[in-house]
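Only the coordinates and a few stated rules stand behind these numbers; no lab work does. Predicted model only: the values in this text are computed from it and were never measured. When we count neighbours, we look across all protein chains shown, and the Cβ atoms used for this are built from the backbone with ideal geometry, even at glycine.
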Ligand SMILES: [Zn+2]
């Protein structure tokens, strides 16, 4: 018997439907910017794929089979560092460094502010209710988060070196556990994904 446990890049490999949904969203924004609002509306609706919703739920939901915690006996909890969300300046710096992809699983991400702009223009195609079940599957899955790699409860700092851009599933699945407890590789040991995906930010430049 070996104690070796293979480390993972992320809780669950992304499914192809997530990248399909991102292509629909990207095409929807392009259609919107050309004034083709009906096409945009159809594409936004098409991106809300139940398979994408199920992927997110399988990671951040209760009793996820993908989030397995192995408590480390010698972890020292720290309560000295107050929990703080990154400032908007820090968030802008993080996007400059990481782009618009999750540093763990690599999927495209979209800032909540961008989602809210689109929700206002296309309220029927982009629904965002209070419950997980009533939120647009693609915007939920790709909801940009700012994750403390070392959690506050373990002494993690609020500086940029300890922060990475993640998707919703990777961030909420991680909770307050350490990478060691979750069997995850430190995402900072891999470069950010480079791509043409702009997080749909161009809708904000009208
Ligand atoms: Zn992720």
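Mind giving me the FRET efficiency for residue 84 and residue 128? R0 is 22 Å, r the Cβ-Cβ distance, nearest 0.05 is fine. Could you put the intermediate results ahead of the total?
Values: r = 26 Å, r/R0 = 1.17.
Calculated value: 0.30.
Over region 136-206, what is the relative contact order in percent, taking alpha-carbon pairs closer than 8 angstrom and at least six residues apart?
Across region 136-206, relative contact order equals 28 percent.
With runs of 4+ DSSP H residues as the only contributors, calculate the mean residue ellipticity of the chain at 222 nm using -39,500 (n - 2.57) per run, divided by the residue total and rounded to the nearest 500.
That comes out to -10500 deg cm²/dmol.
If you line up the long axis of helix 16-33 against the longest principal axis of the chain, both from Cα atoms, how many degrees apart are they, to the nearest 10?
Relative to the chain, helix 16-33 is tipped by roughly 40 degrees.
So what are the radius of gyration and Dmax for the Cα set of region 16-193, in Å?
Cα radius of gyration and Dmax of region 16-193 are 17.3, 59 Å respectively.
For the chain, what relative contact order do you get, as a whole percent, if you take Cα pairs closer than 8 Å and at least 6 residues apart? Walk me through the numbers before you get to the answer.
Working: 317 pairs, mean separation 63.4, N = 206.
Relative contact order for the chain comes out at 31 percent.
Would you mind checking the tilt of helix 88-98 against the longest principal axis of the Cα atoms of the chain, expressed as 0 to 90 degrees and rounded to 10?
Value to nearest ten degrees: 90.
Report the label-to-label distance for residue 7 and residue 204 in nanometres (one decimal), using points 7 Å from each Cα along the Cα→Cβ vector.
Spacing of the two 7 Å Cα→Cβ label points: 3.3 nm.
Quick one: angle between helix 112-121 and the longest Cα principal axis of the chain, in degrees between 0 and 90, rounded to 10, please.
Approximately 20 degrees, to the nearest ten.
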